[in-house]
Amino acid sequence: MTQPSSHYAVDDVPAVGASAAKRGFWSSRMAFILAATGSAVGLGNIWKFPYITGENGGGAFVLVYLLCIAIIGIPIMMAEVLIGRRGGHSPINSMRTLARIFKLSPRWVWLAGMGVFASFVILSFYSVIGGWATSYVLTAASGQLSGQSADAIGAMFSGLLGDPVRLLIWHSLFMGLTMLVVARGLRGGLERSVTILMPALFILLLIMVGYASTTGHFGEAARFLFQPDFSRLTTQGVLIALGHAFFTLSLGIGVMMAYGSYLQQDISIARTSVTVSVLDTVVALLAGMAIFPIVFANGLEPGSGPGLIFQTLPLAFAQMPWGSVFGTVFFVLLVFAAWTSAISLLEPIVEWLEEMDGMNRVTSTLLAGGLCWLLGIASILSLNACPLAMFPLFEGKTIFDLLDYLTANVLLPLGGLTVAVFAGWFLKRATLEEELALPQPWFGLWYSVLRYISPVAVAIVFVYNLF
């Protein structure tokens, strides 16, 4: 089995503690695909994609989104995995290795560190949302949704957000489950968890799609998702599609670099990246086909925003036969999606800490997860009547909103732009050709897109989101 670091002379690779060989590799191409898909498939697919599709006109938005995945998402994902495998270490140390090998500025390390920091920040509030989903499993399973009115459902969600003790308990449980997996390492933790969770997620999603097909509004949902109406598509909608295509694949935060560092040399980066992107897109579309028939059957609004999952859908489950059963299935699905993504967000931080002298896997996980948990408490306190909520930041944003805005609109786009520029303009073309091993026409296409199209598109999203 060829090690990623075998491309270089021994003296070229800095001593950064545990090597890739000591940490191991994915057992197979499928293991990497499941892990990377688990990272990509998260709340963005099950929660965000349906409601932004509803807000932006349906089919035309979906078509633009698919194009953005093809021309932005896949090229940058390939570049991230390539950097991780070529460097053979955590995102920070992989960037340090490559900067040294190619005699580049050491400041590139700081840009890789920005991506790892983004993972840290995202996980802190992502765990809070994962806690919401976990609490709703119990709510649905206990029958508390049955027969409730819209006002009662809204009060139920508001009551959860206004109770810091309950939020802390669910946040702690979700973060604890995430840390438990990551602490067990690559084979015993990450790989074993995704080989169970990802098939289970697909099965649950298909069950929900089957249930939605009995509502009598399945065809209406299909037309809404797949029949383009460009008169409803705005410039803002195009930019939202571009931004979400970037966000949903976990790009710009070091995750794919970290996972790429465990990838064997004989596995095709291009094929696996395309497979992951296709699976991620399929899950998003299936989520739409599971949600919109239920929404239409109950006369609800598909563009109801973030409340679609925690207010609109619970109202639908409250009025439908077997609503408690399928509501429980849906929220278990949501927890699985959030859990696999949370695991991937913690991994780049833990991998970097593990490479530091004297820091083992368990200690690294406890330190990184514990600090994320603490930062999550600040988000919790900003959601309710505690004192922190009395000091909104930046035009009424709570700490929760501010962290979400900072990562989605600043750190992720900058991270993706860094990857595209670093791989496309600073790494040697021969190195890229060796890693990707693509036929020349396909390599030339990828190389041109990465150098000229992807950076411009990401920069447009970045500027738009700021202003």
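Within region 110-130, the residues that satisfy the criterion of being among the hydrophobic types (A, V, I, L, M, F, W, C) and open to solvent by less than 20 Å² (accessible area, probe 1.4 Å) are Ala112, Val116, Ala118, Val121, Ile122, Leu123, Phe125, Val128, Ile129. Is it fair to say Leu43 is at pLDDT 90 or above, farther than 25 Å from Leu445 by Cα and under 16 Å from the mean Cα position of the chain (by Cα)? Judged against the criteria, Leu43 is not a match. What are the pairs with Cβ atoms under 9 angstrom where one residue, in region 56-74, is at positive phi and the other, located anywhere, is open to solvent by 10 Å² or more (accessible area, probe 1.4 Å) and charged (D, E, K, R)? Sequence gap at least six, or different chains. Pairs found: Gly57/Asp229; Gly57/Arg232; Gly58/Arg223; Gly58/Asp229; Gly58/Arg232. Just one of the listed residues (Val165, Val209, Val181) is of a type in the set (A, V, I, L, M), assigned to a helix (DSSP H, G or I) and touching a Lys or Arg at 6+ places or on another chain (Cβ under 9 Å), namely Val181. The residues of region 437-461 that are more than 30 Å from Gln264 (Cβ to Cβ) and crowded, with 19+ Cβ neighbours inside 10 Å, listed by number, are Ala457, Val461. All of Thr195, Thr215 fail the test of being more than 30 Å from Tyr262 (Cβ to Cβ) and either touching a residue at least 60 places away in the same chain (Cβ under 8 Å) or assigned to a loop (DSSP other than H, G, I, E, B) (or both), apart from Thr215.
Yes/no matrix, rows are residues, columns are (1) surrounded by 23 or more Cβ atoms within 10 Å (Cβ to Cβ); (2) part of a helix (DSSP H, G or I); (3) at pLDDT 90 or above:
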site	(1), (2), (3)
Ala258	yes, yes, yes
Ile267	no, no, yes
Asp280	yes, yes, yes
Ala287	yes, yes, no
Phe292	yes, yes, no
Thr328	no, yes, yes
Ala338	yes, yes, yes
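Here the condition is being open to solvent by 10 Å² or more (accessible area, probe 1.4 Å), small (Gly, Ala, Ser) and modelled with pLDDT under 80; of Ala18, Ala70, it holds for Ala18 alone. Is there a residue being assigned to a helix (DSSP H, G or I) and either under 30 Å from Ser382 (Cβ atoms) or among the hydroxyl-bearing types (Ser, Thr, Tyr) (or both) anywhere in region 71-93? Scanning region 71-93 turns up at least one residue that is assigned to a helix (DSSP H, G or I) and either under 30 Å from Ser382 (Cβ atoms) or among the hydroxyl-bearing types (Ser, Thr, Tyr) (or both). State yes or no: is Ile343 at pLDDT 90 or above, buried (at least 21 other Cβ atoms within 10 Å of the Cβ) and under 28 Å from Ala245 (Cα atoms)? Taking the combined requirement at face value, the residue satisfies it.
Residues in region 96-141 that are within 23 Å of the chain's Cα centre (by Cα) and in contact (Cβ under 8 Å) with a residue 12 or more places away in the chain: how many? Number of matching residues: 28.
Criterion applied to Leu308, Leu313 was being under 26 Å from Ile399 (Cα atoms), in a helix (DSSP H, G or I), modelled with pLDDT under 85 and open to solvent by less than 40 Å² (accessible area, probe 1.4 Å), and the one residue passing it is Leu308.
For region 269-278, filtered to residues that are open to solvent by 10 Å² or more (accessible area, probe 1.4 Å) and among the β-branched types (Val, Ile, Thr), the residue that is farthest from Gly38 (Cα to Cα) is Val274.
Could you tell me whether region 191-198 includes any residue that is at pLDDT below 90, out of contact with any Leu (no Cβ under 9 Å at 6 or more places or on another chain) and surrounded by fewer than 18 Cβ atoms within 10 Å (Cβ to Cβ)?
Checked against the condition, which is being at pLDDT below 90, out of contact with any Leu (no Cβ under 9 Å at 6 or more places or on another chain) and surrounded by fewer than 18 Cβ atoms within 10 Å (Cβ to Cβ), region 191-198 yields no hits at all.
In summary, Ala408 fulfils each of the numbered conditions (1) modelled with pLDDT of 85 or more; (2) within 22 Å of the chain's Cα centre (by Cα) with the single exception of condition (1).
Can we say Ser158 is assigned to a helix (DSSP H, G or I), farther than 21 Å from Val325 by Cα and without any contact (Cβ under 8 Å) to a residue 24 or more places away in the chain? Yes, satisfied.
When His89 is tested against (1) touching an Asp or Glu at 6+ places or on another chain (Cβ under 8 Å); (2) closer than 20 Å to Leu417 by Cα, exactly one condition is not met: (2).
Consider region 130-159 and keep the residues that are touching a helix residue (DSSP H, G or I) at 6+ places or on another chain (Cβ under 6 Å) and of a type in the set (A, V, I, L, M). The one that is farthest from Trp373 (Cα to Cα) is Ala150. For region 27-66, the tally of residues that are surrounded by 22 or more Cβ atoms within 10 Å (Cβ to Cβ) and not in a helix (DSSP H, G or I) stands at 4. Looking at Ala385, Ala389, just one residue is out of contact with any strand residue (DSSP E or B) (no Cβ under 9 Å at 6 or more places or on another chain), modelled with pLDDT under 90, assigned to a helix (DSSP H, G or I) and surrounded by fewer than 18 Cβ atoms within 10 Å (Cβ to Cβ), and that residue is Ala389.
The values are calculated or read from the model by the stated rules, or taken from the named source; none is laboratory data. Everything numeric in this text was worked out from a predicted model, so none of it was measured. All Cβ positions, even for glycine, are placed from backbone atoms using ideal geometry, and neighbour counts span all protein chains on display. The area values use the complete protein model at the heavy-atom level, side chains included, leaving out ligands, DNA and RNA. Shrake-Rupley method; radii C 1.70, N 1.55, O 1.52, S 1.80 Å.
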